[in-house]
Amino acid sequence: MFSPKAFGISIPVAAKFAAALTIAAALSACSEEKVETTEVIRPVKVVEVAGGGSVRELDYSGSVKARTEMNLGFRVNGKITERLVNIGDRVKPGDLLARVDPTDYQLAVKSAEATLAAAEKQVETTALTKMRAEQLFTKEFSSRAQLDQAALLYDQAVSTRDAAASSLDQAKNQVTYTDLKSDQNGIVTAINADIGQVVGTGTPVVTVAVDGEKEVQIAVPEMDISEFKPGKTVKARFWSDDALVLDGKVREVSGSADQQSRTFSVRVSLPTDPRVLLGMTATIEAVANAQPSVSIPLSALAEKDGRKVVWVVDRDSSTVHARDVKLAEFTGDGVRVAEGLEQGDLVVAAGTQFMTEDLKVKLPDAEQQAALTETGEVLR
């Protein structure tokens with residue numbers, strides 16, 4: 001038995017020492033006790049994946065255009081002195097649209113006329129020389145070489161005259177080209193140059209939409225361009241009249257994407273209908289064969305180690321597991337998944353940043369799940 005006196009310790013000091021031993025023994029006993037921890041169970045909002053449809057609808061907006069639009073320009077360069085049409089004016093073949101200053105071209109005509117007159121005089125002179133050489137050769141007063149030389153000069157003068165005549169015709173044509181005329185029935189849709197502007201040969205000045213078949217031009221992204229083939233039947237709806245619905249056909253698909261928008265231009269032919277006007281806005285509706293895919297809300301999409309994943313709930317163990325997915329496209333209400341999800345999977349729809357592998361979660365009860373279903377949280 002411990003005796004303070006045996007070790008030469010006083011009674012008060014011994015009391016303090018004994019108290020310290022008691023406290024140390026108590027702490028040692030507490031450390032040996034097992035610390036109990038409470039398992040964290042996180043409630044989650046989930047969506048149930050339903051089977052994807054066999055078809056999907058494609059809607060793209062565009063504007064009504066004429067099948068043929070002419071960008072008319074002068075065949076000569078010059079300064080525009082007159083413009084006789086405005087946007088919206090109807091034109092017919094032969095109507096004068098604009099004119100450039102013809103002064104220089106009229107002077108060219110006068111120069112060509114003078115050149116032709118001189119060439120004709122030269123032909124007359126060489127003709128007389130040739131005739132005189134033939135007479136002298138017949139009377140044996142000149143050699144055959146002189147006759148051949150006279151004939152050669154005459155032929156050269158005739159060629160010069162013919163060239164001058166062609167130059168005169170060309171100069172006269174240049175004068176007529178100073179008038180820009182329409183050669184089709186149509187309506188003016190754009191004015192690209194005005195009075196006082198100097199334009200080059202072929203520069204578009206007036207755009208005319210030719211009367212006849214109308215089309216709707218739409219821009220289709222590359223993910224859907226394979227669904228638009230020439231001859232495909234589509235529906236055309238018009239914003240100005242909900243009751244106006246026409247059957248159209250894809251006529252033309254651009255062979256390359258636009259460098260800025262990265263979309264492909266598609267033109268859809270429309271049947272003749274007086275209610276359809278140029279510039280109207282239309283929606284083209286097409287049906288596409290859908291690839292096996294399902295949609296999930298954008299909030300359900302997460303990233304793990306640079307991979308796109310979703311957190312799927314194991315119904316038996318009520319735990320979550322990350323699953324890699326392959327995305328098809330982003331839509332207005334979420335994202336479409338091509339691979340990685342199956343019908344009946346429960347996907348965590350919100351709070352994915354708090355998810356960890358094998359995390360225990362609490363699923364909504366039957367009433368809560370029914371409420372989610374009514375609000376459209378069960379996805380297709």
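The values are calculated or read from the model by the stated rules, or taken from the named source; none is laboratory data. Not measured: the values here are computed from a predicted model. Using ideal geometry, Cβ is built from the backbone for each residue, glycine included, and neighbour counts are taken over all protein chains shown. Note: areas computed on protein heavy atoms with side chains; ligands, DNA, RNA excluded. Shrake-Rupley method; radii C 1.70, N 1.55, O 1.52, S 1.80 Å.
Being touching a Gly at 6+ places or on another chain (Cβ under 8 Å), exposed (fewer than 15 other Cβ atoms within 10 Å of the Cβ), modelled with pLDDT under 95 and at negative phi is the requirement here; does residue 201 meet it? Yes; evaluated as a whole, the condition is true for this residue. For segment 341-364, the set of residues classified as in a strand (DSSP E or B) and surrounded by 15 or more Cβ atoms within 10 Å (Cβ to Cβ) consists of 346, 347, 348, 361, listed by residue number.
If you check 107, 128, 116, 152, which single one turns out to be open to solvent by 50 Å² or more (accessible area, probe 1.4 Å), part of a helix (DSSP H, G or I), without any contact (Cβ under 8 Å) to a residue 60 or more places away in the chain and within 30 Å of residue 179 (Cα to Cα)?
Only one candidate qualifies: 107.
List pairs: first in segment 175-201 and of a type in the set (Phe, Trp, Tyr), second open to solvent by 80 Å² or more (accessible area, probe 1.4 Å), Cβ under 6 Å, 6+ apart or cross-chain? Taking only residues 6 or more apart or on different chains, the pairs are 177/75. Residue by residue through segment 87-104, note down the ones that are within 20 Å of residue 197 (Cα to Cα), not aliphatic (A, V, I, L, M) and not in a loop (DSSP other than H, G, I, E, B). Listed by number, the residues that qualify are 99, 103, 104. So is residue 12 modelled with pLDDT under 90 and over 52 Å from the mean Cα position of the chain (by Cα) or not? When the stated conditions are applied, residue 12 passes them.
How many of the residues making up segment 287-340 are part of a strand (DSSP E or B) and open to solvent by less than 60 Å² (accessible area, probe 1.4 Å)? Can you show your working first?
Here is the first cut: in segment 287-340, the ones part of a strand (DSSP E or B) are 287-289, 294-296, 302-304, 307-314, 319-324, 326-331, 334-339.
Next, only the ones that are open to solvent by less than 60 Å² (accessible area, probe 1.4 Å) stay: 288, 294-296, 302, 309-314, 319-322, 327-329, 331, 334-338.
Selection size over segment 287-340: 24.
The numbered conditions (1) assigned to a strand (DSSP E or B); (2) surrounded by fewer than 17 Cβ atoms within 10 Å (Cβ to Cβ); (3) not aliphatic (A, V, I, L, M) are all true for residue 207 except (2). Filtering 35, 85 for residues that are surrounded by 14 or more Cβ atoms within 10 Å (Cβ to Cβ) and either at pLDDT 95 or above or aliphatic (A, V, I, L, M) (or both) leaves a single hit, 85.
Picking from residues in segment 228-261 that are acidic (Asp, Glu) and open to solvent by 70 Å² or more (accessible area, probe 1.4 Å), the one that is farthest from the chain's Cα centre (by Cα) is 242.
Would it be correct to say that residue 216 is in contact with a Gly (Cβ under 7 Å, 6 or more places away or on another chain), surrounded by 16 or more Cβ atoms within 10 Å (Cβ to Cβ) and under 30 Å from residue 80 (Cβ atoms)? It is false that residue 216 is in contact with a Gly (Cβ under 7 Å, 6 or more places away or on another chain), surrounded by 16 or more Cβ atoms within 10 Å (Cβ to Cβ) and under 30 Å from residue 80 (Cβ atoms).
Considering every residue within segment 185-194, establish whether at least one is outside any strand (DSSP E or B), modelled with pLDDT of 95 or more, closer than 30 Å to residue 111 by Cβ and of a type outside the set (D, E, K, R). No; the residues of segment 185-194 include none that is outside any strand (DSSP E or B), modelled with pLDDT of 95 or more, closer than 30 Å to residue 111 by Cβ and of a type outside the set (D, E, K, R). Residues of segment 307-341 that are under 27 Å from residue 42 (Cα atoms), at pLDDT below 85 and small (Gly, Ala, Ser): 334, 340.
Looking at 138, 160 in this structure, which one is open to solvent by 60 Å² or more (accessible area, probe 1.4 Å), farther than 30 Å from residue 92 by Cα, without any contact (Cβ under 8 Å) to a residue 24 or more places away in the chain and β-branched (Val, Ile, Thr)? After ruling out the rest, the residue left standing is 138. If you take the residues in segment 228-244 that are charged (D, E, K, R) and modelled with pLDDT of 90 or more, which one is farthest from residue 276 (Cα to Cα)? Among residues in segment 228-244 that are charged (D, E, K, R) and modelled with pLDDT of 90 or more, the one farthest from residue 276 (Cα to Cα) is 229.
Across segment 255-279, the qualifying residues are those that are closer than 18 Å to residue 59 by Cα and part of a loop (DSSP other than H, G, I, E, B), and the one among them that is modelled with the highest pLDDT is 270. Determine, yes or no, whether residue 225 is open to solvent by less than 20 Å² (accessible area, probe 1.4 Å) and more than 20 Å from residue 88 (Cβ to Cβ). Considered against the rule, which asks whether it is open to solvent by less than 20 Å² (accessible area, probe 1.4 Å) and more than 20 Å from residue 88 (Cβ to Cβ), residue 225 comes out as no.
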